[in-house]
């Protein structure tokens, strides 16, 4: 499947879920509606698209300039040896998106990391808990509003609590 | 009151909860595995990571494109050169830099040295934790020979920062060919010995055969890559699937396993090291000997600076020994000239006004390496699997966002599933065969 026909086919399948297509340094980028993320990715996982691997999931904070968080998904199709990047914007006021748990097994940790670092809520996630920082950490460190080298309050020892 | 973890809230009242780690000799770095036990049997497991979280991604947003390279050394600290490579190739992709042939070959050489040392470290630790201390010592010995080659050229064993945007920092050390010959010969010998010690060893087989088994489908669903995925029979290797550097011109095979158990992960790594040694020999034959520097008198740096105050220096300048290999005559074949992405030659910086200006234009804030606006993803095959960098640039001298796709993040996330229903003793070889590297996992 050529690049053009692939995008054509994806657009046909996903319909209004696709808001736009872009090209960034040779990578194909699909811009999705935030409320359509889960069904769209579920459809892409199945043949004929066959994007069976969720390579990566992360987020970019554009809150200060544009008032939004951008979720970035990287998919990989083992059968066709192509990668695809998908983006979806959520408002920075109450960032939330549907969870991918149930579609891919690594989504659980990837989403916990994004929740930890950005405070994006994943609806339907069974265990949305901080992953890299600890319970009681204040704020979300990868947000642009979080200062670099901010000190965290000391947490009491377990015996003191 | 701290909220209960999943395992605490779901545990049966009669079962025992046990922490394995974070401070435990077999937890490579720091990882906490909470186990719900019925006797020696594991009913449920939960991993807690983040003990080595140093805010790598946040730090990178506050460092210039040039300065953040040193932080990439500290991700997978057993094969730092591959992390350097992943980062610089992503930046090069954004800036459209064409890297000279010699630098590309040197990069392949360094990648493969790192891959072998990565696999050696993983298997050495795994074997030691299963009681095979001899294997640990043999493999560490081989790793020292490999690190000699790296150390000669880069000046460091682990924190190398050698692969730079545009090429490499300096040319190979004059004695690299002999050192590499020794390293390859000694590593082959060690691999043969280790094969003899472990391949049919009933204790080792008992701990690894059929233990920690994962299916092809589960491995893909967990986003596994690298030797762990290949042990399930999926021949995915970034070097073959999306070739970079000169890998498409070299011949090597991608070994795969059948069952996806601990033994297959061991065996895939052993066979991959043989392929990497093959690659090292091929690429060494392709790298021509460095042209000797022109003969003739050289002046000391202090003398050159003194003379340059009165008139332009024409004499050749001796560089300090720690800049060996990055002489001006050599840099042309090692780094891309256009766009200006690499440190200007020191001879010019200290003796001419233009040289000094170009030095400042490289290091001053707001100047230097500045990829155009946009985002890019690029990945290379690391020791553990696909090391990917997703970088967003806003056109300034610092990345707007830099995200690392750490291969062992995905691999370790499957640990809970792999050990549930097994015995406590099975945690050790299963975890050992995953090659968890804290720096990369926790960032």
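Quick note: the coordinates plus some simple rules give every number you see, no bench work behind them. Keep in mind that what you see is a predicted model, and the values were worked out from it rather than measured. Counting neighbours? That spans all protein chains shown, and the Cβs are built from the backbone with ideal geometry, glycine included.
Rounded to the nearest 500, what is chain B's calculated 222 nm mean residue ellipticity when only DSSP H runs of at least 4 contribute -39500 (n - 2.57) each, over all residues?
The helix contribution divided over chain B gives -14000 deg cm²/dmol.
If eta is 1.567 mPa s and T is 4 °C, what Stokes-Einstein diffusion coefficient results for the range B:73-167, Kirkwood Rh from Cα pairs, in µm²/s?
Rounded, D is 92 µm²/s.
From the Cα gyration tensor of chain A, with a ≥ b ≥ c the square roots of its eigenvalues, which class applies: rounded if a/c is under 1.5, or else prolate if a/b is larger than b/c, or else oblate?
prolate
Tell me what chain A gives for mean residue ellipticity at 222 nm when only DSSP H runs of n ≥ 4 count, each as -39,500 (n - 2.57), the sum divided by the residue total, rounded to 500 deg cm²/dmol.
-6500 deg cm²/dmol
Rg to Rh for the range B:226-329: what is it, with Cα atoms only and Rh by Kirkwood?
Radius of gyration relative to Kirkwood radius: 1.32.
For chain B, with a Gaussian network of springs between Cα atoms less than 10 Å apart, report the residue from B:25, B:301, B:292 with the top mean-square fluctuation.
Comparing B:25, B:301, B:292 in a Gaussian network model of chain B, the most mobile one is B:292.
Is there a simple number for the mean count of other chain Cβ atoms within 10 Å of the Cβ of residues in A:78-85, and what is it?
Per-residue shielding by partner chains comes out at 3.
Of the listed peptides B:201-209, A:144-152, what is their order by residue-averaged count of other C-beta atoms within 10 Å, with the highest listed first?
The densest-packed peptide leads the list: B:201-209, A:144-152.
Pick from A:113, A:70, A:135 the residue whose mean-square fluctuation is largest in a GNM of chain A, springs joining Cα atoms under 10 Å.
Answer for the Gaussian network model of chain A: A:135.
Compute the acute angle (0 to 90°) between the alpha-carbon long axis of helix A:3-14 and the principal axis of greatest extent of the alpha-carbon atoms of chain A; round to the nearest 10°.
So the inclination is approximately 70 degrees.
Counting partner chain Cβ atoms within 10 Å of every residue's Cβ in A:24-32, what's the average?
Mean number of neighbouring Cβ atoms from other chains: 4.
Which value in Å is the Kirkwood Rh of the range A:1-92 over different Cα pairs?
13.5
If you take the square roots of the eigenvalues of the alpha-carbon gyration tensor of the range A:21-65 and sort them as a ≥ b ≥ c, do you get rounded (a/c under 1.5), prolate (a/b over b/c) or oblate?
Cα axes put the range A:21-65 in the prolate bin.
Averaging over all projection directions, find the projected area of the Cα convex hull of the range B:153-255 and quote it in nm² with one decimal place.
9.9
How well do other chains shield peptide A:105-113, expressed as the mean number of their Cβ atoms within 10 Å of each residue Cβ?
6
Starting from the exponent 0.38 and prefactor 2.2 Å, build the expected Rg for the protein assembly as shown from its residue count and divide its actual Cα Rg by it.
1.00
Expressed as an acute angle from 0 to 90° and rounded to the nearest 10, what is the orientation of the C-alpha long axis of helix B:101-129 relative to the principal long axis of chain B?
For B:101-129 against chain B, the angle is about 30 degrees.
Mean-square fluctuation check for chain B, GNM, Cα pairs under 10 Å: which of B:307, B:32, B:169 is largest?
Most flexible of the set in this elastic network: B:307.
How do B:47, B:60, B:408 line up, fewest other C-beta atoms within 10 Å first?
B:47, B:60, B:408
Please report, in whole Å, how far the alpha carbons of chain B spread along each principal axis, starting with the longest.
The Cα atoms of chain B stretch 86, 52, 36 Å along the principal axes, largest first.
Give me B:218, B:73 ranked fewest to most by other Cβ atoms within 10 Å of their Cβ, as a rough exposure proxy.
B:218, B:73
Which percent, nearest 5, of DSSP beta bridges in chain B are antiparallel?
95
What's the exposure ranking of B:224, B:147, going from fewest to most Cβ atoms within 10 Å?
Neighbour counts put them in this order, fewest first: B:147, B:224.
Take the alpha carbon gyration tensor of the range B:318-441, find the square roots of its eigenvalues, order them as a ≥ b ≥ c, and report rounded if a/c is under 1.5; if not, report prolate when a/b exceeds b/c, else oblate.
It is prolate, given that a/c is not under 1.5 and a/b is the larger ratio.
Just to confirm the number: angle between the C-alpha axis of helix A:107-118 and the first principal axis of chain A, 0 to 90 degrees, nearest 10?
Long axis of A:107-118 versus the principal axis of chain A: about 50 degrees.
How many angstrom lie between the Cα centre of the range B:330-394 and the Cα centre of the range A:1-78?
31
Please compute the Cα-Cα pair-distance distribution of the range B:6-48 with 5 Å bins starting at 0, giving whole percents from short to long.
6, 26, 29, 20, 13, 5, 1
Which whole-number percent gives the relative contact order of the range B:90-240, counting Cα pairs below 8 Å spaced six or more residues apart?
Worked out over the range B:90-240, it gives 19 percent.
What's the FRET efficiency of residue B:291 with residue B:98 using the Cβ-Cβ distance as r and R₀ = 22 Å, to the nearest 0.05?
Efficiency computed from Cβ-Cβ geometry: 0.55.
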